[in-house]
Amino acid sequence: NAGVTQTPKFQVLKTGQSMTLQCAQDMNHEYMSWYRQDPGMGLRLIHYSVGAGITDQGEVPNGYNVSRSTTEDFPLRLLSAAPSQTSVYFCASGGFGGAFFGQGTRLTVV
Amino acid sequence: KQEVTQIPAALSVPEGENLVLNCSFTDSAIYNLQWFRQDPGKGLTSLLLIQSSQREQTSGRLNASLDKSSGRSTLYIAASQPGDSATYLCAVRDLNSNSGYALNFGKGTSLLVTP
């Protein structure tokens with residue numbers, strides 16, 4: 001049982017580049033979310049989904065897009081990377097047993 | 001907006017001590033509260049989940065309590081070990097949230113257990 005799997009683990013981007021952070025869960029959870037974690041700021045919600053085809057914005061959505069075509073997958077897209085998006089990104093899924101997190105993607109934008 | 005506060009921000013104890021980590025939240029209308037552990041450079045590992053109707057949960061040397069009316073939770077770690085060194089995060093899921101399974105996190109308590 002893999003739980004929540006995120007790829008890649010590390011990424012360096014140049015300003016203006018785009019990329020997609022992948023997230024997959026095998027627990028059949030309807031709820032999935034993306035967070036970013038920054039020193040002194042804690043974890044903040046970027047986007048969330050309550051089921052396939054349904055997504056919405058969280059606390060800090062600007063510069064990010066999401067889609068949810070299947071229950072399992074919830075990719076996060078950076079449209080045009082900026083240095084302010086340097087952070088650690090976590091994907092999570094939630095169900096009756098609580099929330100479960102992936103191992104994170106450490107992104108640096110130069 | 002739900003505000004979650006964890007005190008202390010950092011804690012250093014000698015091995016073998018029992019210790020308590022504190023979490024407070026401003027809105028008592030919660031669905032559940034979850035404690036996580038985060039090792040440096042790693043993801044979040046779930047330790048204990050307390051539903052709003054529960055008062056405490058136990059797993060091994062860990063015991064978490066919930067007092068919804070006062071907006072407080074504590075994580076008790078018995079007989080601490082160096083391997084317990086990590087950051088401990090408290091997260092609250094609001095009852096009336098329209099943000100799916102969104103969690104409100106505290107900023108964590110960084111625990112160091114010295115041999």
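Every number in this text was worked out from the coordinates using simple rules, so none of it is lab data. Quick caveat: nothing in here was measured; it's all calculated off a predicted structure. Cβ placement follows ideal geometry from the backbone for every residue including glycine, while neighbour counts extend to all protein chains displayed.
Here are a few things to note about the model shown:
- Less than 5 angstrom separates the built amide H of B:Ser85 from those of B:Val113, all sequence-distant by 5 or more or on a different chain.
- Efficiency of FRET from Cβ geometry, B:Lys42 and B:Asp67, R₀ 22 Å, rounded to 0.05: 0.15
- For segment B:63-115 versus segment A:71-110, the gap between their alpha-carbon centres in whole angstrom: 21
- Net charge of Cβ neighbours under 9 Å - reference A:Gly104; Lys, Arg +1; Asp, Glu -1: +3
- Across chain A the C-alpha pair distances fall into 5 Å bins from zero in the proportions 2, 13, 25, 27, 19, 10, 4, 1 percent.
- Qualifying GluC sites (Glu not before Pro) in segment A:21-100, DSSP loop, other Cβ atoms within 10 Å at most 13: none
- Hydrodynamic analysis of chain B uses the Kirkwood radius over alpha carbon pairs. Inserted into Stokes-Einstein at 4 °C and 1.567 mPa s, it gives a translational diffusion coefficient of 91 µm²/s.
- Computed over the protein assembly as shown, the P(r) curve from all C-alpha pair distances, binned at 10 Å from the origin, holds 8, 33, 35, 19, 4, 0 percent per bin.
- Pairs exceeding 26 Å between alpha-carbon atoms, taken from A:Lys14/B:Lys1; A:Lys9/B:Lys107; A:Lys9/B:Lys68; A:Lys14/B:Lys107; B:Lys1/B:Lys42: A:Lys14/B:Lys1; A:Lys9/B:Lys68; A:Lys14/B:Lys107; B:Lys1/B:Lys42.
- A Cβ-based charge dipole, computed about the Cα centre of chain B with Lys and Arg at +1 and Asp and Glu at -1, lands at about 200 debye.
- Around the amide H of B:Glu15, modelled in the peptide plane, lie the amide H atoms of B:Thr114, all under 5 Å away and 5 or more residues distant in sequence or on another chain.
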